[in-house]
Every structure is written in structure tokens, then in C-alpha cells.
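**Q** So that we are looking at the same thing, I have put the structure below in C-alpha cells.
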């Protein structure tokens with residue numbers, strides 16, 4: 001390719017940064033290469049293709065995001081603006097999200113501290129976030145108290161559990177509801193799933209209740225069917241399906257396995273997700289799912305082959321990328337009416353199973 005064949009509109013020539021530069025202008029004009037360019041592409045794709053009523057958006061939440069306040073600062077605006085329709089999270093992110101609604105403070109600290117001294121002082125550390133041990137104990141007590149009041153006559157999925165918890169947070173702490181993405185998700189009827197329900201403090205609280213005779217049975221197959229049902233509902237209506245993957249781990253796999261489940265297990269005619277954005281620091285060459293690329297996902301049928309150009313991996317920390325993505329969307333996209341997928345998730349499963357039986 002000769003210089004004359006290079007596209008003029010892609011010439012790297014950013015203007016000097018000025019004091020009044022907006023987030024949108026900063027990203028569009030100065031994020032010109034490497035992972036900065038991937039973040040620019042992700043922001044542009046999200047604002048143009050995700051933030052509309054024709055795309056069903058699933059979001060996975062992994063890593064310690066809520067302890068640093070990304071719940072109220074980022075996840076809540078995504079929910080309120082209708083830019084996320086269903087969520088798969090680690091249990092830890094849901095548990096630590098509740099601290100904010102309950103009014104229990106977490107503090108900026110330093111990773112360069114004496115952990116033995118912190119333990120003696122009953123202070124807990126998540127890298128450079130510090131909080132008192134009693135924050136955990138009081139949150140556990142609240143979770144157990146409200147779960148004791150639940151009277152489920154049959155096994156439930158995690159979306160039902162988190163809807164009930166979020167609704168209680170809304171009722172008990174309305175003045176702090178917007179500090180919790182779990183409470184806001186309940187308000188806007190966004191289903192919140194956990195792919196490994198026993199792997200968190202909430203799971204341990206439920207285990208204690210079970211030992212005491214108040215057993216809440218979580219059935220993972222309900223979550224598998226509901227998440228797949230939502231994707232099938234969208235695709236059967238000629239809607240697009242986009243995934244926003246914050247980190248990797250079990251939530252990433254759970255959100256992407258919807259397509260192989262629909263195609264390989266239920267033998268339905270589906271083609272894969274349309275849009276893929278991931279923020280991760282995981283390498284692909286170790287074979288782990290966290291670092292698996294969109295092109296690898298194509299081989300599993302998780303992503304449409306023809307949509308690979310709209311599949312973006314930014315190798316950077318979610319704590320850096322997510323606030324910029326949300327700010328960019330707020331400046332470049334319009335809110336859309338929330339789908340309230342929690343209210344019709346059971347109907348999507350019925351449709352999915354009905355279509356499976358007619359094959």
C-alpha cells in the first residue's frame with residue numbers, strides 16, 4: 001500500500017488538549033492507537049449500536065468493581081438509561097453493592113500497608129480499598145434477616161432472589177436506592193443473575209439459613225433457561241443481541257453460553273450474538289475463558305462470524321474503561337425505554353421450549 005492509498009480521514013493528527021475538552025472529544029480525538037484506540041472503538045460502538053431499542057444488551061460483571069463505587073457511578077446510569085437489559089454478575093459484586101445502600105462506608109487506602117496490623121484492628125482490605133470488618137458482619141445480618149422473611153414454595157433462580165433483595169433495599173432505604181445497582185435493577189425490572197450462587201458471602205448466608213432449617217433452594221437450570229430465553233426472544237424478533245463484558249471469569253462464560261445452549265442443546269436456529277465488547281487484562285494464550293477472543297468465540301457459535309468487525313477487546317482495567325464508556329454514552333446516545341425483561345423472562349422460556357418441542 002502506497003501513502004496515496006492510505007485513508008486521509010484516518011491520519012493521526014490530534015489537536016492539543018484544551019481545558020474545556022469534553023470526555024467525548026478527548027476519546028474521539030486523542031485515543032488514536034493501541035488499547036486507547038480499542039477503547040475509542042468500544043465507546044463508539046456502544047453509543048451507536050448498543051444504545052437503541054433494537055438491541056438487547058447483556059452485561060457481565062466480574063472483578064471487584066462495586067467496592068470502588070462503580071455501582072452508583074456507572075452501573076446505575078446504564079440501567080436507568082435503558083442501556084442494559086440483563087446482567088450476570090459475581091456474587092461478590094452484588095454483596096459489596098449492598099454496603100452502599102445500607103450506608104456502610106468504604107474508604108480509599110493503599111496497597112502498601114501492614115495486613116497483620118489491619119487484621120488486628122479488624123479492618124479488611126481489597127487491594128487499596130479499606131473498610132471495617134463490621135461492614136461485612138452487618139451486611140450478612142441484613143441479608144439473613146430479609147431472606148428469612150422470604151417464603152418460596154419451590155426452587156427459584158437467582159434473578160428472583162436478587163429482585164426480592166433489591167426490592168427490600170428500595171423499601172428499606174429509598175433515600176440510598178440509587179447507590180445500589182441491585183436496588184436500581186429491581187426498580188427498572190432488569191434481571192440480575194449469578195453464575196456461581198454459592199461463591200460469595202450471600203451464598204454463605206444462605207448456607208447458614210439452610211443449616212438452621214430455612215432453606216432457599218437455588219436451581220441453576222432456571223438461570224440457564226431464562227438467560228437463553230431472553231436472547232432467543234430478541235433474535236426471534238429480529239433484534240440484535242449485544243454483550244458488554246466487564247472482566248472475564250464465570251459471568252463471561254455464562255452470558256456467552258446462551259448461544260451454544262440454544263443451537264447445540266435445544267437445536268434452535270440461532271446465529272450468535274451480534275455485538276461484543278470486553279474489557280480485560282487476561283491473555284488469550286493461557287487457554288482461559290477470561291482471555292478468549294471473539295474470533296475464538298465464533299468457533300463455538302457464540303458470536304456471528306460476519307459480526308467480528310463489531311467485536312472489540314480492550315486490554316485494560318475495567319475501573320479505567322467503564323467510567324469513560326458510560327460518560328461517552330451519556331454525551332452521544334439517548335436514553336431508551338427499559339425493556340423490563342424481569343417481567344417477561346418466564347414467557348421467553350415458554351416460547352423457547354415451545355419452539356424446541358415443535359422441531
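**Q** Using only the Cα atoms of segment 274-324, build the gyration tensor, take square roots of its eigenvalues as a ≥ b ≥ c, and label the shape rounded, prolate or oblate: rounded if a/c is under 1.5, else prolate if a/b is larger than b/c, else oblate.
**A** On the way: a/c = 3.01, a/b = 1.34, b/c = 2.25.
Oblate, because a/c is 1.5 or more while a/b does not exceed b/c.
**Q** Read through the labelled values (1) 116, 60, 43; (2) 75, 61, 40; (3) 74, 50, 40 and report the label of the one computed as Cα extents along the principal axes in Å from the structure.
**A** Correct label is (2).
**Q** Could you list 83, 300 so that the one with the fewest beta carbons within 10 Å of its beta carbon is first and the one with the most is last?
**A** Values: 83 26, 300 15.
So the residues, fewest neighbours to most, are 300, 83.
**Q** Place a label point 7 angstrom from the Cα of residue 217 along the Cα-to-Cβ direction, then list the residues of segment 151-173 whose backbone nitrogen is under 11 Å away.
**A** Of the residues in segment 151-173, 153-156 have backbone N under 11 Å from the label point off residue 217.
**Q** Next question, about the same structure. What does the convex hull of the alpha-carbon atoms of segment 154-266 project to on average, in nm²? Write out the running numbers ahead of the final one.
**A** On the way: hull surface 34.7 nm².
Directional mean of the projected Cα hull area for segment 154-266 stands at 8.7 nm².
**Q** Highest mean first, what order results for 252-260, 106-114 on Cβ atoms within 10 Å? List each step's numbers first, then the result.
**A** Details: 252-260: 22.7, 106-114: 11.3.
Highest to lowest by the protection proxy: 252-260, 106-114.
**Q** Cα gyration tensor of segment 41-180, axes a ≥ b ≥ c as square roots of the eigenvalues: rounded (a/c below 1.5), prolate (a/b > b/c) or oblate? Each step should come with its number before you reach the end.
**A** Numbers: a/c = 2.24, a/b = 1.26, b/c = 1.79.
In terms of gyration-tensor shape, oblate.
**Q** What order, most packed first, do the peptides 130-140, 10-20, 209-219 have when packing is the mean number of other Cβ atoms within 10 Å of each residue?
**A** On the way: 130-140: 16.1, 10-20: 7.6, 209-219: 13.0.
By packing density, highest mean first, the sequence is 130-140, 209-219, 10-20.
**Q** Taking 0.36 nm per residue of separation and subtracting the Cα-Cα distance, what length does fully extending residue 204 through residue 148 add?
**A** Details: separation 56, 0.36 × 56 = 20.16 nm, distance 1.39 nm.
Working it through step by step, the gained length comes to 18.8 nm.
**Q** Sticking with this one: Could you give the distance between the Cα centres of segment 233-302 and segment 165-224, to the whole Å?
**A** 25
**Q** Please report the relative contact order for segment 187-259, taking Cα pairs under 8 Å with a sequence separation of at least 6, and give it as a percent rounded to a whole number. Could you put the intermediate results ahead of the total?
**A** Details: 31 pairs, mean separation 23.5, N = 73.
It comes to 32 percent, rounded to a whole number.
**Q** Which of the peptides 157-169, 261-273, 237-249 is most tightly packed, and how do the rest follow, going by the mean number of other Cβ atoms within 10 Å of each residue?
**A** Numbers: 157-169: 22.8, 261-273: 17.8, 237-249: 21.2.
By packing density, highest mean first, the sequence is 157-169, 237-249, 261-273.
**Q** How many angstrom separate the Cα center of segment 316-345 from the Cα center of segment 73-146?
**A** Taking the Cα centre of segment 73-146 as reference, the centre of segment 316-345 is 21 Å away.
**Q** Sorted from largest to smallest, which semi-axis lengths in Å does the alpha carbon gyration tensor of segment 215-317 give for its equivalent ellipsoid, taking the root of 5 times each eigenvalue? Numbers along the way, then the final one.
**A** Working: eigenvalues 98, 67, 28 Å².
Equivalent ellipsoid semi-axes, largest first: 22, 18, 12 Å.
**Q** Based on DSSP H runs of at least 4 residues, each adding -39500 (n - 2.57), what is the mean residue ellipticity at 222 nm of the chain after dividing by all its residues, to the nearest 500 deg cm²/dmol? Don't skip to the end; give the middle numbers.
**A** Values: 14 runs with 156 residues, N = 359.
Dividing the helical sum by the residues of the chain leaves -13000 deg cm²/dmol.
All of the numbers you see were taken from the coordinates with simple rules; none came from a lab. Since we're looking at a predicted model, the values are computed, not measured. Here the Cβ is made from the backbone with ideal geometry for all residues, glycine too, and neighbour counts use every protein chain on show.
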